[in-house]
Amino acid sequence: MKLYSTNNIQSEVSFKDAVFNSMPQDKGLYMPISIPRLDDDFINNLDKYSLPEIAYRVAKTLLGDAMPADDLKALIDDAINFDAPVVKLDDNVHVLELFHGPSLAFKDFGARFMSRVMSYFLEDGEKQLDVLVATSGDTGGAVALGFLGVPNTRVTILYPKGKVSGVQEQQLTTNGQNIRALEIDGTFDDCQALVKQAFTDAELNEEFRLTSANSINIARLVPQTFYYFNAYAQLLRQGVKKVIFSVPSGNFGNIGAGLLAWKMGLPVEKFIAATNANDTVPEFLKTGVYQPKPSVATLSNAMDVGNPSNWVRIADLFKADMDELNKLVVGFTYNDDETLKAINWVFDTYDYVVCPHTAIAWQALTDYQHDHSSADTAGVFLATAHPCKFPDVFSEEIAAKIDVPEQVKELESKTKLAIALSKDFEDFKGYLLNAK
């Protein structure tokens, strides 16, 4: 597998180099030089394969000779060791549950795969790998658990003060060992900007071997394609061959992975980009003007992104062809009041509890289907996090229905380990240099 920078299509790096460097010095993002298409026989018979089998076939096709086949299979079997079921709620309404991994969020797919890829490529005697990651909520916990105890690696997680839920904060600040947490006095966009600036700082790159665990790293995007293919496999078992995916969208890595799966041959009728009040992309899809804006805090905090990093990848996939993009992707945006109404409606109608991010995806699917109903097309909205991570959002009646997993209960007895920092880059740089 060879990759180029979205800012320099003439560049060429290996998958290993892209994983460890994460972001090119020209500040683009890495994309595959060619995106191979899976053969029709495999796509049409996905229902005959398990999730690990699908994951291996997709990864092997995409990565090529980046890793020996047996090693890749063993890595996937270890990383993707939990389920992602499609649950039917209504005739054409299904939910893809992506919260059955250790951190109870969809980002376990990317974090576990990436940590094992990095560990595989990291050779004995090499310089320690310093992994920097900004989080708006769920990435931090997934990365912390994915990398906890991995030899010769150190992870520094930046999160916005007061803008993640209590459970999310506990997941990313109570680990110790090789995991460090920085509580930044700012927004997720500020955290993301600090990480990106670190990658282009000469002194830091001289001192440390830096890489990212955010979705700017191509190793995060690859495994997120797996659950789209697996969802389609489950629909095939129900006799359904047409699908629409509604995706809660913040930094746009999740829907970016879906579009990568589509490029590889997954037959998807439509992708719905569902956002909260941070509506940069839905506005772009309506107006053709891409105008990043400061992020605002919402109940669906993991989507509080005003300048989505992965949008450059999506734009690159379509080569700025707005007509083709608009044929496949549509955007919807909702405020907090609408999010709460959606949570209550899903509960009252289906006796099913959704987190605020998932509620937005359900609402977007519902609104789209209202104007584009099709009896033979399944609507699938992505449940990206377990509702127990957002206890303050729900009414007492709904909260009482949430089954809190044991790993969350255990967090309550752990001590928060976090360093408070401003959003000034020199403070962040000083921390990295002096806290070795």
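Counting only residues that are touching an Asp or Glu at 6+ places or on another chain (Cβ under 9 Å) and either free of Cβ contacts under 8 Å to residues at least 12 places away in the same chain or charged (D, E, K, R) (or both), segment 400-423 holds 3 of them. State whether one or more residues within segment 368-376 are touching a His at 6+ places or on another chain (Cβ under 9 Å) and at pLDDT below 95. No, that holds for no residue. Considering segment 191-230, and only residues there that are within 13 Å of the chain's Cα centre (by Cα) and of a type in the set (Gly, Ala, Ser), the residue that is modelled with the highest pLDDT turns out to be 219.
Among residues of segment 331-358 that are closer than 16 Å to residue 389 by Cα, those with a beta-carbon under 6 Å from a residue that is assigned to a loop (DSSP other than H, G, I, E, B) and small (Gly, Ala, Ser) at least six positions away or on a different chain give the pairs 356/300; 357/300. Every test in (1) under 27 Å from residue 366 (Cβ atoms); (2) not in a strand (DSSP E or B) is passed by residue 95 save one, and that test is (2).
A single member of 261, 277 is of a type in the set (Gly, Ala, Ser) and open to solvent by 10 Å² or more (accessible area, probe 1.4 Å), and it is 277.
Only one residue in 291, 234, 224, 238 is surrounded by fewer than 20 Cβ atoms within 10 Å (Cβ to Cβ), of a type in the set (S, T, N, Q) and in contact (Cβ under 8 Å) with a residue 24 or more places away in the chain, so which one is that?
When all the criteria are applied, what remains is 238.
Only residues that are surrounded by fewer than 21 Cβ atoms within 10 Å (Cβ to Cβ) and among the polar types (S, T, N, Q) were counted in segment 339-362, giving 2.
Kindly provide the set of residues from segment 278-296 that are closer than 17 Å to residue 335 by Cα and over 19 Å from the mean Cα position of the chain (by Cα), ordered by number.
First, pick out the residues of segment 278-296 that are closer than 17 Å to residue 335 by Cα: 278-283, 293-296.
Across segment 278-296, the qualifying residues are 283, 293, 294, 296.
Entry remark, segment 363-382: residues being out of contact with any Leu (no Cβ under 9 Å at 6 or more places or on another chain) and either among the acidic types (Asp, Glu) or open to solvent by less than 10 Å² (accessible area, probe 1.4 Å) (or both) number 5 in total.
Against the test of being in contact with a strand residue (DSSP E or B) (Cβ under 6 Å, 6 or more places away or on another chain) and either in a helix (DSSP H, G or I) or closer than 19 Å to residue 384 by Cα (or both), the options 88, 73, 127 yield a single qualifying residue, 88. Residues that are assigned to a helix (DSSP H, G or I) and touching a strand residue (DSSP E or B) at 6+ places or on another chain (Cβ under 7 Å) were ranked within segment 315-330; the one that is farthest from residue 386 (Cα to Cα) is 316.
Looking only at strands (runs of 3 or more DSSP E) that fall completely inside segment 1-50, which ones have 1 or more residues that are touching a Lys or Arg at 6+ places or on another chain (Cβ under 9 Å), surrounded by 14 or more Cβ atoms within 10 Å (Cβ to Cβ) and among the charged types (D, E, K, R)? Walk me through how you get there before you give the answer.
On the way: elements: 2-5, 8-14, 30-32.
Because the criterion is at least 1 residues that are touching a Lys or Arg at 6+ places or on another chain (Cβ under 9 Å), surrounded by 14 or more Cβ atoms within 10 Å (Cβ to Cβ) and among the charged types (D, E, K, R), no strands (runs of 3 or more DSSP E) in segment 1-50 meet it.
The values are calculated or read from the model by the stated rules, or taken from the named source; none is laboratory data. Because the structure is a prediction, the values reported are computed rather than measured. Counting neighbours? That spans all protein chains shown, and the Cβs are built from the backbone with ideal geometry, glycine included. Quick note on the areas: whole protein, heavy atoms, side chains included, nothing else; ligands and nucleic acids left out. Shrake-Rupley method; radii C 1.70, N 1.55, O 1.52, S 1.80 Å.
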